[in-house]
Amino acid sequence: MGELKLMLPEQQNLNQTMLDANQLASLQQTISGFSPLQLAWASGYLAAKSENSSVATLPAAAVAAASSQLTILYASQTGNAKGVASQLAEQAKAAGIDVNLKNVAEYKAKSLKNESHLLIVASTNGEGEPPDDAIEFHEFLFSKKAPKLPNLQYSVLSLGDSSYEFFCQTGKDFDLRLTELGAKRVADRVDCDVDYQSEAKAWSTSIVEQLKDELTGDANVAPVVSLAPAAVAESQYNKENPFSAELLTSQKITGSRSAKDVRHVEIDLADSGLTYQVGDALGIWFDNDQALVDELITALALDGEQSVKVAEQSLSLKQALVEKLEITQTAPNFVEFWAGISGDENLAKLAQDKASAREFAANHQIVDIVKQAPANVEAQAFVDALRKITPRLYSIASSQAEVEEEVHLTVGVVSYQAGEQTRFGGASGFLSQRLDEGANVKVFVEHNNNFRLPENDDTPVIMIGPGTGVAPFRAFMQERDARDAEGDNWMFFGDQTFTQDFLYQVEWQGYLKSGLLTRMDVAFSRDQAEKIYVQDRIRENGQELYQWLERGAHLYICGDANRMAKDVHNALIEVIAEQSGKDQEQAEDYLKAMRSAKRYQRDVY
């Protein structure tokens, strides 16, 4: 048999190859995305096959070439882990390392046994759960099918929020299990809090520096010339470079007697180039309330004009507290810090119990803790104990097919009384109390590929979104209306009262009248003696809901993660078990299968 050559496109000549036109086209397509090392491996593989050799007797050089690739996997719920992994991949490529960057959902877990170097960037979803795109990978790793990995070197970067009990749990799980399977850490795991950028950058730089000599490719391997797909135009604006957008509307949509203040917010994205899909979120950067900052500085007995450093930037204490530092959300670590500074016994007891510290921090802003236990502290030490401001993400409540260069949000204003003072949430207070219509707000789009409408417009959709969880489903309906989707749509909505809290009531009634919304079930907990919630409506309509699932419906939940999402999930398991005759474990497997098939998606917070 003659020699088979892998030729570059400009070298192709059908008269000089033994492949016919169809075979050659297929081969071109297959190798077009290969790296030099992958091409070298393929060449060795084909040479071995031409001699009737088995894959097990591949040339050593080909095996070595294949194994000197760095695989980077990311498990991301809202996009942060993907962003870190993408930047890491660029750093590694710039250092000459051959990189295979993958979402874990697109990675064949069985390929782990063929890897030599693996880096994982993983976020944690809810109370210690892996992100939706990492569920199958996580289950495979902890199953009996997981291979031994004695030749694998790896490291893990975990992203999380220390205000949750199971901080960075997914990354910890991956790290533990890879070690149990025999893999060796090339660097210790790093667990990052919500202010993750500096730690992630340091980890990435260190890892690339450590691996570049070992993983730089063979300079003698001929380059591959391939036609890259046309680049999709992207906006220059992102989380690090937000767009300054005009606030068009901030309108209260709960009644005057409602216990809640919920706002319908409209923002102008004209000239930004920003685009979004239904299911995405909008990131809001905000400044802290200057009056709150003044109150805090007074309670600390510090000079607001005193110079401090934040991330190597020098600025006044007041400017740092207004623009750079988190003072409306308290981290549990601050409780421990202030207990040590103040010597307060009550705070010390709280700090010793992580669960109590988390609960206390969730219900007290920084100024409340400082005023509760006064103490002297140096300005720089205080600044160093605070988190950096992080943007708030809001589920987008509109479809661009309907609103074009606008984006709509449904914002629940966070507020509570602290003595005679009313405390407001950082971003919600900014949007509702301090930002006038016509003023600008810094925004960016956070894509969420784990919360998407089905591609087939004939597919039925079940939406469960009480309170502000209604937001993405308003967008879903606008999108399905614009696409003339034929699939049935069923909405479950709940809140406290019908007259004061039925968000977007007129719009839902319009969709029912037009037939776009097939049915809607509501639960208003305070309108009768016995409280009724959306999970109760799910149980009441269990037979029909299960029928919808059996004919392929996609199921979506949006809203509170701590209570509602768990209660709804349990109600779904009960319904599936009752209607199908399955036991609880089988019903849970039914939902797991739906989740793996992207038919059960959640946007919970």
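General remarks:
- Options ASP303, ASP294, ASP287: the member that is part of a loop (DSSP other than H, G, I, E, B), more than 30 Å from GLU405 (Cβ to Cβ) and among the acidic types (Asp, Glu): ASP303
- Tally of residues being at positive phi and of a type in the set (D, E, K, R) across region 277-334: 1
- Looking only at residues of region 289-313 that are within 13 Å of ILE366 (Cβ to Cβ) and within 35 Å of the chain's Cα centre (by Cα), we find that the one that is surrounded by the fewest Cβ atoms within 10 Å (Cβ to Cβ) is GLU295.
- Filter result (closer than 29 Å to THR328 by Cα and aliphatic (A, V, I, L, M)) within region 154-210: LEU157, LEU159, VAL190, VAL194, ALA200, ALA202
- Identity of the residue in region 575-605, surrounded by fewer than 16 Cβ atoms within 10 Å (Cβ to Cβ) and acidic (Asp, Glu), that ends up nearest to GLY279 (Cα to Cα): ASP589
- Qualifying residue in region 533-549 (condition: in a loop (DSSP other than H, G, I, E, B), touching a residue at least 24 places away in the same chain (Cβ under 8 Å), under 29 Å from VAL265 (Cβ atoms) and assigned by TED's automatic domain parsing to the domain that holds VAL568): yes
- Among the candidates ALA291, ALA299, ALA311, residue that is within 29 Å of HIS447 (Cα to Cα) and of a type in the set (Gly, Ala, Ser): ALA311
- Of the residues making up region 371-387, none is closer than 30 Å to ARG595 by Cα and either touching a His at 6+ places or on another chain (Cβ under 9 Å) or assigned to a loop (DSSP other than H, G, I, E, B) (or both).
- When PHE492 is tested against (1) in a helix (DSSP H, G or I); (2) within 27 Å of the chain's Cα centre (by Cα), just one condition goes unmet, and that condition is (1).
- Among the candidates PHE492, PHE498, residue that is outside the structural domain of LEU274 (by TED's automatic domain parsing), over 21 Å from GLU404 (Cβ atoms) and surrounded by 23 or more Cβ atoms within 10 Å (Cβ to Cβ): PHE492
- Per-region count, region 173-207, residues assigned to a helix (DSSP H, G or I), of a type in the set (A, V, I, L, M) and either surrounded by fewer than 21 Cβ atoms within 10 Å (Cβ to Cβ) or within 21 Å of the chain's Cα centre (by Cα) (or both): 3
- Restricting region 569-605 to residues that are part of a loop (DSSP other than H, G, I, E, B) and free of Cβ contacts under 8 Å to residues at least 40 places away in the same chain, the residue that is nearest to the chain's Cα centre (by Cα): ALA597
- Reported count of residues in region 74-118, each being in contact with a Leu (Cβ under 7 Å, 6 or more places away or on another chain), of a type outside the set (Gly, Ala, Ser) and under 27 Å from ARG602 (Cβ atoms), is 6.
- Filtered residues of region 542-555 (kept if of a type outside the set (A, V, I, L, M, F, W, C) and buried (at least 17 other Cβ atoms within 10 Å of the Cβ)): GLY542, TYR546, HIS554
- All positions within region 306-323 that are among the basic types (Lys, Arg) and in a helix (DSSP H, G or I): LYS318
- Checking each residue in region 152-172 for being in contact with a helix residue (DSSP H, G or I) (Cβ under 8 Å, 6 or more places away or on another chain) and either assigned to a loop (DSSP other than H, G, I, E, B) or not β-branched (Val, Ile, Thr) (or both) picks out LEU152, TYR154, SER155, LEU157, SER158, LEU159, GLY160, SER162, SER163, TYR164, GLU165.
- Identity of the residue in region 81-124, under 30 Å from ARG392 (Cβ atoms) and in contact with a Ser or Thr (Cβ under 6 Å, 6 or more places away or on another chain), that ends up surrounded by the fewest Cβ atoms within 10 Å (Cβ to Cβ): GLN91
- Take the conditions (1) surrounded by fewer than 18 Cβ atoms within 10 Å (Cβ to Cβ); (2) in contact (Cβ under 8 Å) with a residue 60 or more places away in the chain; (3) among the hydrophobic types (A, V, I, L, M, F, W, C); (4) assigned by TED's automatic domain parsing to the domain that holds ALA299; ALA401 misses just one of them, which is (4).
- Taking the criterion of being within 14 Å of SER399 (Cβ to Cβ) and assigned to a loop (DSSP other than H, G, I, E, B), the residues of region 462-484 that qualify are ARG483, ASP484.
- Per the conditions (1) buried (at least 19 other Cβ atoms within 10 Å of the Cβ); (2) free of Cβ contacts under 8 Å to residues at least 60 places away in the same chain; (3) assigned to a loop (DSSP other than H, G, I, E, B), the sole criterion not satisfied by GLU530 is (1).
- Among the residues of region 498-524, those that are more than 16 Å from GLY469 (Cα to Cα) and assigned to a loop (DSSP other than H, G, I, E, B) comprise GLY515, LEU516, LEU517, THR518.
Here's the yes/no breakdown for (1) of a type in the set (D, E, K, R); (2) closer than 23 Å to ASP521 by Cα:
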| site | (1), (2) |
| --- | --- |
| GLU402 | yes, no |
| ARG423 | yes, no |
| GLY426 | no, no |
| THR459 | no, yes |
| PRO466 | no, yes |
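The values are calculated or read from the model by the stated rules, or taken from the named source; none is laboratory data. On a predicted model such as this, the values are computed, not experimentally measured, just so you know. Cβ: placed from backbone, ideal geometry, glycine included. Neighbour counts: every protein chain shown.
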